[in-house]
Amino acid sequence: MQDTRPVSSMASAPLSVAVIGGGFSGLSAARDLARAGHVVTVYEAQPTVGGLAGAFETRGERLDRFYHHWFTNDLEVMSLIEELGLSDRIVTNPTNTGLYYANTIFKLSTPLDLLRFSALPFVDRIRLGLLTLRARAVRDWRPLEDITAADWLRRLGGETVYRVVWEPLLKGKFGPYAEEISAVWFWNKLKLRGGSRGKGGEERLAYMEGSFARLAEAMAGDVAAHGGRVLCDHRVEALTQLPDGRWKISGPWGEAESDRVVATTALPVIGDMIAQWAPAEYLARLRAIPYLANVCLVLQLNRSLSSTYWLNVNDTSFPFVGVIEHTNFERPETYGGDHVVYLSKYLPHTDVLYSMPDDEVMAFALEHLQRMFPAFSMDWVRDYHVWRARWSQPVVCRHYSRQIPEDEGPAAGLYICSMAQIYPEDRGTNYAVREGRRIARKLMERE
């Protein structure tokens, strides 16, 4: 494991550091820098910190806009939670996982469930189980960079397993990019989920009571307690290096200066900030990795849809890749008795669904939900919310390691720490924390 402990005194004199982005990477870097005595200012474009982990009010506890959980082997974020004294707010439970295929919901939480998975012939159920074991046994991911996930999964499990189980999930997640996704991305998902299981083989997940925003706010509070500032509604539009090597940070709110900059937003957004002076080749690299957007419909219902927490949708005619019934993990009483369901859709930001008004998104989802749950009607819906994220998922294709820009930018004193640089792992709060702390160490070691 990498050493992500904060460094207390690696610089000869305190620096002023501008951190662009108040998500988990930015807040992790800002916290360690502020604790080491540097003068830190976080600039967050949104009204609240947390990035994709923002929350909204319900009749009870606040609720995440986009569904979140941690795996039990997410050690970086668990260590941070302990440092902040929030361990008593973490709940860990076994979860019910399912798969929707051929108009049927199959339970797939344990190895025994897999043996009963009648959507596959028995020999292919064995192949599916062996596939996950073989994938988790891979120690060196580098040879997988040459292979697409589709080819690798076909090779490991056969055509039938791929067609029934993996192909719909790849298409649901990555749409037009499904056949281009790297085997490295899929290997990491199988490895991660396989390492978060109980003694009976059931998946165990962790969640923070009161939403993930509680952790982001605690981190922001710790930055402030050590002399830093966290400025929301401060969108940064330009980063310009001054003649003396310092940096000017500009936005609709005005201008500021700092000795160093840590930019944690999406790579194309960083490209826009430095477009006036950065080399064309460098800007092209920042803009080369495609990103998918996300539309997340959150339903607050007066009754439960099913007993399943995480339902993978293996039906390409269904527009959402997952149906996540959060209150099959946290109790409905937490949210005033409402049953909370997330419907998630990854898509290009040019897709009509991304710009569809909220009421049309709800109407669009209704007919599909009624196909999956015939009794479902709008009478069940106490409230609903539609959340959108433009920069939700970097598209991880073959040889992705060659596409990732270095974490030191094209001019001295500019550091880049974005979700697209997390590799071979995929985005997630655990790795955002790890990378934010790593970039803070690197900055301090260079001074």
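About its Cα centre, how strong a charge dipole does the stretch 303-447 have in debye, to the nearest 20, once Lys and Arg get +1 and Asp and Glu get -1 at the Cβ? All intermediate terms of the calculation are to be shown ahead of the outcome.
On the way: 16 positive and 20 negative charges, 110 e Å.
Charge dipole of the stretch 303-447: 520 debye, to the nearest 20.
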Just going by the charge dipole of the chain, with Lys and Arg at +1 and Asp and Glu at -1 on Cβ, which of 344, 165, 431 is farthest out on the positive end? 165
Could you tell me the largest-minus-smallest coordinate of the C-alpha atoms of the stretch 102-154 on each of the three principal axes, in descending order and whole angstroms? 37, 21, 18
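To one decimal place, what Kirkwood hydrodynamic radius in Å is obtained for the stretch 317-441 from all pairs of distinct Cα atoms? Numbers along the way, then the final one.
Values: mean 1/r = 0.0555 Å⁻¹.
Mean inverse Cα-Cα distance, inverted, gives 18.0 Å.
What fraction, in whole percent, of alpha-carbon pairs in the stretch 134-192 exceed 17 Å separation?
On the way: 530 of 1711 pairs.
Summing the P(r) tail past 17 Å for the stretch 134-192 gives 31 percent.
List the pairs from 345/442; 107/171; 107/191 whose alpha-carbon separation is above 26 Å, in the order I gave them. Don't jump to the answer; show the numbers that get you there.
Details: 345/442 36 Å; 107/171 21 Å; 107/191 20 Å.
Among 345/442; 107/171; 107/191, the Cα-Cα distance tops 26 Å for 345/442.
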Could you compute how much accessible surface residue 351 exposes when probed at 1.4 Å, giving the result in Å² to the nearest 10? 60
Could you give the size of the charge dipole of the chain about its Cα centre, using +1 on the Cβ of each K and R and -1 on the Cβ of each D and E, expressed in debye and rounded to the nearest 20? 1200
272, 74, ranked by accessible area, largest first (probe 1.4 Å): 272, 74
Putting +1 on Lys and Arg Cβ atoms and -1 on Asp and Glu Cβ atoms, find which of 397, 236, 152 reaches farthest to the positive end of the dipole of the chain. 152
Mind ranking 191, 171 by accessible surface for me, highest first, 1.4 Å probe? 171, 191
Averaged across orientations, what area in nm² does the convex hull of the alpha carbons in the stretch 91-184 project? 7.3
Scoring the stretch 166-310 by relative contact order with C-alpha pairs under 8 Å, at least six apart, yields a percentage of 10
Rounded accessible area per residue of the chain, 1.4 Å, Å²: 41
Computed on Cα atoms, Rg of the stretch 247-290 relative to 2.2 N^0.38 Å comes out at 1.24
For the stretch 56-117, the Rg and Dmax computed from alpha carbons only, in angstrom: 16.5, 47
Which distance in Å, rounded to a whole number, links the C-alpha centroids of the stretch 337-414 and the stretch 22-76? 19
Need the C-alpha centroid separation for the stretch 132-186 versus the stretch 92-110, integer Å. 20
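I'm a student and want to see the number: the projected area of the Cα convex hull of the stretch 367-440, averaged over all directions, in nm². Walk me through the intermediate numbers first.
Numbers: hull surface 34.5 nm².
One quarter of the hull surface, i.e. the mean projection, equals 8.6 nm².
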Cα convex hull of the chain: mean projected area in nm², to one decimal? 21.1
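How big is D for the stretch 1-156, in µm² s⁻¹ as a whole number, if Stokes-Einstein is applied with the Kirkwood radius of its Cα pairs at 25 °C and 0.890 mPa s? Before the final figure, lay out each step's value.
Working: Rh = 20.4 Å.
Estimated diffusion coefficient is 120 µm²/s.
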Antiparallel as a % of all DSSP beta bridges within the chain, to the nearest 5? 75
Might you work out the accessible area of residue 360 for me, using a 1.4 Å probe with all protein chains in place, and round it to the nearest 10 Å²? 90
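Please get the size of the charge dipole for the stretch 29-182, origin at its Cα centre, with Cβ charges of +1 on Lys and Arg and -1 on Asp and Glu, quoted in debye to the nearest 20.
Details: 19 positive and 20 negative charges, 116 e Å.
Once rounded to the nearest 20, the dipole reads 560 debye.
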Which whole-number percent of Cα pairs in the stretch 132-260 have a distance greater than 22 Å? 63
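Suppose the chain between residue 379 and residue 146 were pulled fully straight at 0.36 nm per residue; how much longer would it get relative to their current alpha carbon spacing? Can you show the working numbers first?
On the way: separation 233, 0.36 × 233 = 83.88 nm, distance 5.05 nm.
Separation in residues times 0.36 nm, less the Cα-Cα distance, equals 78.8 nm.
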Loop-located trypsin sites (Lys or Arg not before Pro) in the stretch 56-160, at most 15 other Cβ atoms within 10 Å (DSSP): 59, 116, 139
Would you kindly give the portion of the calculated P(r) for the stretch 277-320 that falls above 13 Å, as a percent of all Cα pairs? 77
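The values are calculated or read from the model by the stated rules, or taken from the named source; none is laboratory data. Predicted model only: the values in this text are computed from it and were never measured. Don't worry about glycine lacking a Cβ; one is built from the backbone with ideal geometry, like all the others, and counts go over all protein chains shown. For accessibility, only protein heavy atoms count, side chains too; no ligands or nucleic acids. Shrake-Rupley method; radii C 1.70, N 1.55, O 1.52, S 1.80 Å.
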